[in-house]
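Asks: Please find one structure pasted underneath; my questions will follow.
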Amino acid sequence: MGILKNKIENEEWIDLRKFCSIKIGGKGKIIFFPKNKEELSLLIREFGEKIIPLGLGSNIIFKDGEIDKIFIHTKNLKKIELFEKNGFFYIKAEAGVSFKNIIEIVKKYNLEGFEYLSGIPATIGGAVAMNAGAFGVEVFDILEDVEWIDNNGNIIYSKKEEIEHSYRYTRFQKDGFVFSATLKLKKSDKDISQIIKNHLIQRNSKQPLDLPTAGSTYKNPENSYAGLLLEKAGYKGKRINDIGFSEKHANFLVNYGNASFKDLMNLLQSAERDIKNLFNINLEREVKIIG
Ligand SMILES: Cc1cc2nc3c(=O)[nH]c(=O)nc-3n(C[C@H](O)[C@H](O)[C@H](O)COP(=O)(O)OP(=O)(O)OC[C@H]3O[C@@H](n4cnc5c(N)ncnc54)[C@H](O)[C@@H]3O)c2cc1C
């Protein structure tokens with residue numbers, strides 16, 4: 001630990017509320033900010049399964065108290081390149097590149113394929129790991145390949161087809177650190193900037209963006225919507241102290257000020273129990289609870 005602490009940018013005993021969009025959580029023992037593949041691989045070789053990768057923290061909830069994990073943040077992994085091959089345009093981006101950066105490129109070159117993913121607060125690493133998606137499109141629809149690091153520190157290159165994935169799930173949620181990913185897009189004859197603009201207006205009108213949130217709490221069960229089930233069960237707008245399911249979108253938890261992890265867990269457990277009793281459906285959490 002000592003050598004790596006001197007060599008790679010880090011911070012100790014961090015306030016985890018600063019590293020997630022819902023602003024809940026305790027203290028993290030140490031966070032590293034590697035700036036290249038070699039530093040990342042060194043950290044993984046040293047700490048293996050103790051590592052928690054972090055992007056924007058927009059689908060994460062940290063537990064209270066002290067969390068004895070090694071956090072690795074991708075803020076220094078931001079290289080991005082655009083190239084053309086056989087009539088397609090490829091964006092190769094390191095894990096810490098945000099979707100906002102991708103939108104700029106997509107708009108500038110009028111590229112098609114990414115427009116319905118715009119507006120998701122994500123880094124490339126987090127979005128690949130979660131197979132993020134919206135409006136019927138998911139990251140794996142436009143993914144070409146991923147360069148990732150396994151728990152032993154080996155750097156591996158995989159084509160999309162070789163990576164286990166499904167709705168909001170990929171193998172990287174169990175093991176593997178996404179270092180970079182390549183998206184495959186094509187030149188469009190539509191006005192992509194205008195499509196994105198309209199899409200963002202529609203998206204933003206449905207989400208509680210004025211309060212800290214972690215996005216969708218639950219995955220949609222087959223043939224249904226988690227938000228609709230929560231609403232039918234009376235959870236839209238339901239609160240325990242400062243944590244609640246949003247009035248605007250029942251599947252979004254919101255932090256009204258100083259929400260506690262304990263209240264949050266009580267609310268989730270109550271919702272899960274009621275949905276099971278009312279509809280015989282086991283809701284599956286999309287948010288990642290860490291600690
Ligand atoms: C307002 C709001 C709206 C949202 N809308 C959507 C939506 O429309 N669709 C959707 O799918 N999601 C949505 N989300 C959830 C979230 O934006 C996505 O899950 C996003 O992909 C998370 O990216 P991130 O960089 O914040 O990852 P984080 O939240 O930091 O991490 C998410 C998970 O991925 C892991 N991870 C992060 N980086 C890496 C890496 N480099 N390698 C391996 N694992 C990694 C983390 O350990 C964690 O398990 C929304 C969230 C908010 C707050």
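The values are calculated or read from the model by the stated rules, or taken from the named source; none is laboratory data. Here the structure is a predicted model, which means the values were calculated and not measured. Glycine gets a Cβ as well: all are built from the backbone with ideal geometry, and neighbour counts include every protein chain shown. These area figures cover heavy atoms from the full protein model, side chains too; ligands, DNA and RNA do not enter into them. Shrake-Rupley method; radii C 1.70, N 1.55, O 1.52, S 1.80 Å.
Asks: With r defined as the distance between the Cβ atoms of Lys219 and Trp13 and R0 fixed at 41 Å, what FRET efficiency is calculated, to the nearest 0.05?
Replies: 0.80
Asks: When each pair of different Cα atoms in segment 80-193 is counted once in the 1/r mean, what is the Kirkwood radius in angstroms, to one decimal?
Replies: Result for segment 80-193 stands at 14.1 Å.
Asks: Using just the alpha carbons, could you tell me how many Å³ per residue the convex hull of the chain encloses?
Replies: In the chain, the Cα hull volume divided by residue count equals 130 Å³.
Asks: When the accessible area of segment 80-193 is split by element with a 1.4 Å probe, what percent falls to carbon and sulfur?
Replies: 48
Asks: If each residue of separation counts as 0.36 nm, what is the full-extension length gain between Arg273 and Phe88 once their alpha-carbon separation is subtracted?
Replies: Roughly 61.8 nm would be gained on extension.
Asks: What's the tally of Lys pairs in segment 211-290 whose alpha-carbon atoms lie under 13 angstrom apart, where the two lysines are 8 or more places apart or on different chains?
Replies: Lysine pair count for segment 211-290: 4.
Asks: Using R₀ = 22 Å, calculate the FRET efficiency as 1/(1 + (r/R₀)^6) where r is the Cβ-Cβ separation of Phe135 and Lys190; round to 0.05.
Replies: 0.90
Asks: For a protection proxy built on the mean count of beta-carbon atoms within 10 angstrom, sort 170-176, 180-186, 204-210 highest first, please.
Replies: The densest-packed peptide leads the list: 180-186, 170-176, 204-210.
Asks: Roughly how many Å is it from the Cα centre of segment 176-240 to that of segment 65-89, as a whole number?
Replies: About 21 Å separates the Cα centre of segment 176-240 from the one of segment 65-89.
Asks: Can you return the lysines within cross-link range of Lys85? Criterion is Cα-Cα under 17 Å, with same-chain partners fewer than 8 residues away left out.
Replies: Within the straight-line cut-off, Lys85 pairs with Lys159, Lys184, Lys186, Lys187.
Asks: Students often check this: by mean Cβ neighbours within 10 Å, which of 276-284, 260-268 ranks highest, and how do the rest follow?
Replies: 260-268, 276-284
Asks: What translational diffusion coefficient, in µm²/s and rounded to a whole number, does the Stokes-Einstein relation yield for segment 40-125 at 20 °C and a viscosity of 1.002 mPa s, taking the hydrodynamic radius as the Kirkwood radius over Cα pairs?
Replies: Rounded to a whole number, D works out at 143 µm²/s.
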